Amino acid sequence: MDLTRVVARANIPQDQATHLKVGDEATISQTGTSDEVSGKVIVVSPAVDPSSTTVQVWVQSTNPGEKLRPGASVHVSIVAETLADAVVVPAAALLPTAEGDTIVMVVGADSVAHERKIEVGVKEADKVQIVSGVKPGEHVIVVGGVGLEDGAKVRIEKPAEKAAAEKGGEGKAEEK
């Protein structure tokens with residue numbers, strides 16, 4: 001059996017599969033190892049599995065050293081699209097409102113926190129694209145935004161400064 005090339009089959013949720021196409025870049029990694037190989041999408045099935053509402057996607061890759069074995073469980077990552085010049089913030093910065101909107105707290109040059117209603121785009125693990133509501137270069141509050149009122153005076157601390165202050169037994173970030 002020739003193991004120099006492998007095909008991984010992944011069942012992708014229907015709403016995510018609509019963004020995939022043959023030729024998309026992908027990676028395959030065997031579960032439990034750090035071995036990773038690059039590949040390409042070769043099939044995006046037009047059929048939806050009615051019981052799971054998923055679409056089967058095939059990713060083909062070379063298999064250097066024949067590390068990937070037939071029947072083994074693998075993790076497949078596929079790059080559906082690359083967004084140039086996207087505004088991205090940590091997911092921890094997003095705050096829900098009672099009305100069901102999503103906001104972030106932005107710190108202006110005046111060291112005042114300002115509430116901003118945002119529109120969220122692509123979500124990836126711990127990062128979120130902001131489609132509208134935040135401009136590139138603005139400072140978004142990542143820690144301490146819950147309960148912070150619009151118009152509150154704040155002091156920005158970088159993580160390294162906070163760690164140094166805590167080691168020295170000095171104060172914490174404060175709201176003014």
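The values are calculated or read from the model by the stated rules, or taken from the named source; none is laboratory data. Nothing here was measured: the structure is a model prediction, and the numbers come from that model. FYI the Cβ positions are ideal-geometry reconstructions off the backbone, even for glycines, and counts take in every protein chain you see. The accessibility values were calculated without ligands, DNA or RNA, using every heavy atom of the protein model including side chains. Shrake-Rupley method; radii C 1.70, N 1.55, O 1.52, S 1.80 Å.
Numbers at a glance
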| quantity | calculated |
| --- | --- |
| Debye log10 I(q)/I(0) for the range 87-139, one point scatterer per Cα, at q = 0.13, 0.14, 0.15, 0.22 Å⁻¹ | -0.29, -0.33, -0.38, -0.81 |
| Value of D in µm² per second that Stokes-Einstein yields for the range 36-103, Kirkwood Rh from Cα pairs, at 4 °C (1.567 mPa s) | 79 µm²/s |
| Cα centroid separation, the range 91-159 to the range 7-74 (Å) | 35 Å |
| Label-zone membership for the range 63-82, site residue 25, 7 angstrom Cα→C-beta point, backbone N under 15 Å | 77-82 |
| Accessible area of the chain belonging to carbon and sulfur atoms, whole % at 1.4 Å probe | 51 percent |
| Fraction of alpha-carbon pairs over 20 Å apart in the range 1-73 - percent | 33 percent |
| Candidate values (i) -0.84, -1.30; (ii) -0.57, -1.31; (iii) -0.77, -1.15, label of the one derived for log10 I(q)/I(0) by the Debye sum over Cα atoms at q = 0.12, 0.19 Å⁻¹ | (iii) |
| Rounded accessible area per residue of the chain, 1.4 Å, Å² | 67 Å² |
| Long pairs among 135/158; 40/127; 21/123; 123/158; 21/67, criterion Cα-Cα beyond 31 Å | none |
| Net +/- balance of residues flanking residue 105 in space, Cβ distance below 10 Å, scoring K and R +1, D and E -1 | -2 |
| Shape category assigned to the range 23-63 from the gyration tensor of Cα positions, a/c cut at 1.5 | oblate |
| Signed unit charges on C-beta, dipole axis of the range 38-168, positive-most listed residue 122, 59, 108 | 59 |
| Furthest towards positive pole of dipole, 50, 68, 3, structure part the range 1-118, Cβ charges | 3 |
| Dipole magnitude (debye, nearest 20) for the range 39-158, charges at Cβ of Lys, Arg, Asp, Glu | 460 debye |
